[in-house]
Amino acid sequence: MSELNIRIATRKSPLAVWQAEHVAARLRELAEVDSVELVRLSTKGDEVLDRSLQKIGGKGLFIKELEVAMQDGRADLAVHSMKDVPADMPAGFCIAAILERASDADALVSNGVAFGELPENAVVGSSSLRRQAQLRMMRPDLDVRPLRGNVNTRLGKLDAGEFDAIILAAAGLERLDMADRITARFSPDEMLPAASQGVIGIECLEDNAALKSLLSALDHQATTQTTLAEREVARRLGASCQSPLAAHATIAGGTLKLTALAALPDGSESLRETASGPTEDAAAVGRTVAENLRNRGVDELLDRARRMAE
């Protein structure tokens with residue numbers, strides 16, 4: 001490649017731009033790359049904040065405009081939070097590289113008040129059905145309400161007194177140098193994370209072999225395997241933002257351990273399954289967990305969850 005200039009499509013939110021700049025910095029370290037620029041785009045997911053994602057079309061709304069920019073030749077790749085990427089990629093696109101995972105934890109932000117010390121009927125904000133379900137499983141007394149917008153918008157609503165506490169991804173706060181806002185991090189036993197939480201992925205056109213080869217230098221193999229296992233559960237169960245579904249994988253000593261949880265949004269019912277296998281069989285471990293959940297009636301549970309979310 002004599003002169004390689006890479007254009008990165010990104011959403012305009014501070015966190016999305018941070019992620020794109022992070023990837024840009026990694027790319028600039030590669031000898032083959034001459035320049036990198038950001039193409040900032042607005043997506044429907046960012047623009048429509050008065051309705052839940054479930055009601056306006058799901059998480060794919062955060063990436064559609066970025067994919068159109070790649071198809072139109074205005075951008076070469078896009079950077080995403082992998083938990084925003086649908087389990088089934090649209091035809092013609094692929095995830096060419098996955099960066100090393102940051103914190104996968106959900107964080108309580110409450111201006112210093114511990115979770116157990118929140119008063120009865122405290123108002124807690126989160127639009128994630130997964131988080132809502134697990135909050136209610138731990139504390140049925142809480143008043144859990146929807147909360148959308150970028151990180152600064154959500155923190156502003158907390159500080160204005162609209163909420164007693166909010167739940168955000170720890171990784172996002174850390175990346176924006178706001179780790180001091182975290183009151184506590186939930187362990188996976190307390191609140192199982194979303195599939196791919198804390199993971200940055202790089203998307204490009206499937207037929208761009210040269211770019212895919214270049215991006216492979218940024219891929220983190222262990223994170224790729226845990227991401228594959230977690231996303232396989234979501235894919236097998238047809239999960240969407242209307243599905244209160246969590247999936248979390250870890251690797252130790254060449255063994256991948258995967259736990260998944262499905263629940264009703266009100267926390268009244270849930271199913272949890274765990275399976276392990278060799279790291280190289282990550283997708284198979286994901287399939288095993290999904291099938292074990294299916295054998296226990298998860299399809300009916302998730303169908304009820306979707307109807308409750310409508």
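The values are calculated or read from the model by the stated rules, or taken from the named source; none is laboratory data. As the structure is a computational prediction, the values presented were derived from the model and not from experiment. Please note: Cβ atoms are built from the backbone with ideal geometry, for glycine as well, and neighbour counts cover all protein chains shown.
Among the residues of the range 264-282, are any charged (D, E, K, R) and in a helix (DSSP H, G or I)?
Yes, that holds for at least one residue.
As an exercise: evaluate Leu135 against (1) of a type outside the set (D, E, K, R); (2) under 17 Å from the mean Cα position of the chain (by Cα); (3) not in a loop (DSSP other than H, G, I, E, B) and give the number of the one condition it does not meet.
Going through the list (1) of a type outside the set (D, E, K, R); (2) under 17 Å from the mean Cα position of the chain (by Cα); (3) not in a loop (DSSP other than H, G, I, E, B), Leu135 breaks only (2).
With respect to Thr224, is the statement that it is under 30 Å from Asn292 (Cα atoms), in contact with a strand residue (DSSP E or B) (Cβ under 6 Å, 6 or more places away or on another chain) and surrounded by fewer than 22 Cβ atoms within 10 Å (Cβ to Cβ) true? Give the steps one after another, and end with the answer.
Values: under 30 Å from Asn292 (Cα atoms): yes; in contact with a strand residue (DSSP E or B) (Cβ under 6 Å, 6 or more places away or on another chain): yes; surrounded by fewer than 22 Cβ atoms within 10 Å (Cβ to Cβ): yes.
So Thr224 fits the description; yes.
Quick test for you: out of Leu301, Leu261, pick the one residue that is surrounded by 17 or more Cβ atoms within 10 Å (Cβ to Cβ) and either within 30 Å of Asn5 (Cα to Cα) or under 17 Å from the mean Cα position of the chain (by Cα) (or both).
Exactly one of Leu301, Leu261 is surrounded by 17 or more Cβ atoms within 10 Å (Cβ to Cβ) and either within 30 Å of Asn5 (Cα to Cα) or under 17 Å from the mean Cα position of the chain (by Cα) (or both), namely Leu261.
For the range 77-103, what are the residues that are acidic (Asp, Glu) and either buried (at least 20 other Cβ atoms within 10 Å of the Cβ) or under 12 Å from the mean Cα position of the chain (by Cα) (or both)?
Passing the criteria: only Asp84.
How many residues does the range 98-114 hold that are in a loop (DSSP other than H, G, I, E, B), farther than 29 Å from Glu162 by Cα and touching an Asp or Glu at 6+ places or on another chain (Cβ under 9 Å)? Let's see the steps before the verdict.
Of the range 98-114, the ones in a loop (DSSP other than H, G, I, E, B) are 99-105, 110-114.
In the following step, the residues that additionally are farther than 29 Å from Glu162 by Cα were identified as 99-102.
If we keep only those that are touching an Asp or Glu at 6+ places or on another chain (Cβ under 9 Å) too, we end up with 99, 102.
Here the count works out to 2.
For the subset of the range 179-208 comprising residues that are more than 27 Å from Thr259 (Cβ to Cβ) and surrounded by fewer than 16 Cβ atoms within 10 Å (Cβ to Cβ), which member is farthest from the chain's Cα centre (by Cα)?
Among them, the one singled out is Asp207.
Look at Ser128 and say whether it is modelled with pLDDT of 95 or more and among the hydroxyl-bearing types (Ser, Thr, Tyr). Don't jump to the end; show me each part of the working.
Values: modelled with pLDDT of 95 or more: no; among the hydroxyl-bearing types (Ser, Thr, Tyr): yes.
No.
Against the definition (over 16 Å from the mean Cα position of the chain (by Cα) and among the small types (Gly, Ala, Ser)), how does Gly149 come out, yes or no?
Here the answer is no, as Gly149 does not meet what is asked.
So is Thr288 in a strand (DSSP E or B) and touching a Leu at 6+ places or on another chain (Cβ under 9 Å) or not?
No.
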